[in-house]
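Colleague: I'd like to ask you about the structure that follows.
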Amino acid sequence: FQKVLQDAGDKLAVVFFTAEWCGPCKTIGLAFEMHSQKPENADVIFRKVDVDDASDISEFCGIAAMPTFVFFKQVNEIDRFQGKNENTLEEKISKHR
C-alpha cells in the first residue's frame with residue numbers, strides 16, 4: 001500500500017475502502033469506476049481496498065465505516081469522506097486533481 005502511494009508521487013491517489021457485503025459500496029462503486037475511466041482523470045490513481053481482505057490497510061488508515069474514500073498526495077492524506085454521495089466524490093476528485 002505504501003509503495004502505491006510512493007509511486008503516485010505528486011499525482012492524486014483516491015483509495016476506495018469497500019466490502020462485499022456493503023450495499024452502499026456497490027452503488028458508489030459504479031461511480032468510482034466511471035471516474036477512473038474519464039480522460040480528465042488520466043493522471044489520477046484509483047485503488048479499491050476490501051476491508052475484509054486487507055484489514056491491516058484499513059486499520060492503518062483508520063477506516064470505521066464503508067464506503068470511505070481517502071485522498072492522498074505525496075504519501076500524505078489530504079482529504080476523506082464517508083458515504084455514497086456521487087457529487088461529493090466528483091467534487092473532491094476535481095478539487096485535488
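Bear in mind that the values in this text are calculations on the coordinates, not laboratory data. Owing to the predicted nature of the structure, the values given are computational and were not obtained by experimental measurement. Positions of Cβ are backbone-derived with ideal geometry, glycine not excepted, and every protein chain shown enters the neighbour counts.
Colleague: Most mobile of 26, 73, 38 per a Gaussian network model of the chain (Cα springs, under 10 Å)?
Modeller: Per the Cα network of the chain with a 10 Å cutoff, 38 tops the list.
Colleague: Then there is this: For 66, 34, which order do you get if you count the other beta carbons within 10 Å of each Cβ and list the fewest first?
Modeller: Ascending Cβ contact count within 10 Å gives the list 34, 66.
Colleague: Also, quick follow-up: Considering only the chain, what is the antiparallel percent among its DSSP beta bridges, to the nearest 5?
Modeller: Counting only bridges with both partners in the chain, antiparallel ones make up about 65 percent.
Colleague: Roughly how many debye, to the nearest 20, is the charge dipole of region 1-40 about its Cα centre, given +1 on each Lys and Arg Cβ, -1 on each Asp and Glu Cβ, and no other charges?
Modeller: With Lys and Arg at +1 and Asp and Glu at -1, about 40 debye.
Colleague: To continue, here is another question. Distance in nm between label sites at residue 95 and residue 31, each 7 Å beyond Cα in the beta-carbon direction?
Modeller: Each label point is offset 7 Å from its Cα along the Cβ direction, giving 1.4 nm.
Colleague: Over region 1-60, how many percent of alpha carbon pairs lie in each 10 Å bin up to the one with the longest distance?
Modeller: Result returned by the calculation: 21, 47, 30, 2.
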